[in-house]
Every structure is written in C-alpha cells, then in structure tokens.
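Chemist: Encoded as structure tokens, here's the structure I'll be asking about.
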Amino acid sequence: ALTFTVPKTGSSGLLTVIGPGGTSNIIDLILVSAPALASFNKSVAVGESVTLSGTNLAYVSSLTVDGVAAPITAQSSTTIAFTVPDLAPSGTVTVTNAAGSATSTSVLLVVGPPVVTKFSPASGKVGASVTITGIRLDTVSSVTFGGTSATLSKKTATGITVKVPVGVAKGLVNL
C-alpha cells in the first residue's frame, strides 16, 4: 500500500510512481473538492425530478432531503438532479462526496399527501388522547374515527394529537 498527501497545488491526472526499478503511470487520479449547493426557492411534489445547481457536484455519491435518501438521476460539475422520494418531508438538501458534505441553506418544500407512520395507543376509550406520527401532517384538516370527526388538539408537520370522539365503538382512522 502506498499512502501520500496530495499537495494543495495538485490536480487530477495520471499518478506517476517512481521507484528503484523505474517509473509507473498506472493510476488516473481524480481530485475531488467538497461540494457546495447554491440557494434555491422550490416547491416540489413527491416523485418529481428536481435539479439544483452548485459546485463540485460531479462526484456526489449520496443526496438526502431532510435525511431521507433520494436517488440521483443526473449530475455534472455544476448541477445535480434527483427524484423526490415518497417519504421525504420538507427540509434541507445534503450532498456528499469523498471530500465532504454540503447542506443547503434553503429549504425544499415537498408537497404531497400526509403519511402516517404510526399511531398510539392502538386502542382507547372515548376522550383518550391519540398521537398520530408521520410526515406532512401539518396539511391535515380533519381526522375521523369510524366516520366520526375528532377535535385536533395539537398539529405539527410530524405529529397530530386528537381525542377519541363520543360515539365511536371501533373503526378506521382517516385523515
């Protein structure tokens, strides 16, 4: 194994190794700088393709939207395209390559249906508080239990708290 430090003035190109037996030019060395993202103002739908601009994006190996991995569909040194995943919430975009990561200062606003990941407790009596957890829950305007409307007591992008309404014996919870 050969370990070396690339000088600050180094650039991509053929790596030459010189030893007592001669010279070898066997490796094409690509130097990668940390990526950077330009600011943006975007509102996108789940499943939509998004193109962002920046620098050093050609060798980005991963991209996330608020921590949710998104598939990269195209990239160059100054642009990167990806598809917004179903479970992506609104949030910052982070790109990573071998030299480091960059997180956007802008927020990507993701528009899509609310997604419930869990609710607790799974059963309870009339008047009991139920917490619904998921993403894009701030867009929910009503919750019903078996067709009976419940009162929303707390609502955020990732959680809703409601009370089980009078008259419900059992049934589906709908948003």
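Chemist: Please report the relative contact order for the chain, taking Cα pairs under 8 Å with a sequence separation of at least 6, and give it as a percent rounded to a whole number. Walk me through the intermediate numbers first.
Modeler: On the way: 408 pairs, mean separation 27.2, N = 175.
Here the relative contact order equals 16 percent.
Chemist: Amide H to amide H under 5 Å from Thr78: which residues, 5+ apart in sequence or cross-chain, H placed 1.01 Å off N in plane?
Modeler: Sorted by chain and number, the residues that satisfy this are Leu57.
Chemist: Excluding ligands, DNA and RNA, what is the solvent-accessible area per residue of the chain at a probe of 1.4 Å, expressed in Å²?
Modeler: Computed with neighbouring chains in place, this is 59 Å² per residue.
Chemist: Here's something else I'd like to know. Once neighbouring chains are kept in place and the probe is 1.4 Å, which whole percent of the accessible area of the chain is contributed by carbon and sulfur?
Modeler: 56 percent
Chemist: Hey, another quick one. For segment 41-175, what is the number of Lys pairs with C-alpha distance below 13 angstrom, counting only pairs 8 or more positions apart or on separate chains? Please list the in-between numbers first.
Modeler: Values: Lys125/Lys163; Lys125/Lys170; Lys154/Lys163; Lys155/Lys163.
Lysine pairs meeting both conditions in segment 41-175 amount to 4.
Chemist: So what's the chain giving for Rg/Rh, alpha carbon basis, Kirkwood Rh from the mean inverse pair distance?
Modeler: On the way: Rg = 24.8 Å, Rh = 19.8 Å.
Across the chain, the Cα-based Rg/Rh ratio is 1.25.
Chemist: Gain in length, Thr23 to Ser53, computed as 0.36 nm per residue apart minus the alpha-carbon separation, to one decimal in nm? Mind showing how you got there, number by number?
Modeler: Values: separation 30, 0.36 × 30 = 10.80 nm, distance 4.07 nm.
Contour length minus the Cα-Cα distance gives 6.7 nm.
Chemist: Here's another thing I want to ask about it. Give me the distance in nm between label points sitting 7 Å out from Cα along the Cα-to-Cβ direction at Ser106 and Asp138, one decimal.
Modeler: Modelled inter-label distance: 1.8 nm.
Chemist: How far apart, in nanometres, would the label points at Thr161 and Phe40 be if each is projected 7 angstrom from Cα along the Cα-to-Cβ direction?
Modeler: Label at Thr161, label at Phe40, 3.6 nm between them.
Chemist: Then there is this: For Lys118, Lys8, Lys155, Lys42, what's the largest-to-smallest order of accessible area, 1.4 Å probe?
Modeler: Lys8, Lys118, Lys155, Lys42
The values are calculated or read from the model by the stated rules, or taken from the named source; none is laboratory data. Predicted model, so just to flag it, every value in this text is computed and none were measured. Cβ: placed from backbone, ideal geometry, glycine included. Neighbour counts: every protein chain shown. Note: accessible area is taken over every heavy atom of the protein model, side chains too, but ligands, DNA and RNA are not part of it. Shrake-Rupley method; radii C 1.70, N 1.55, O 1.52, S 1.80 Å.
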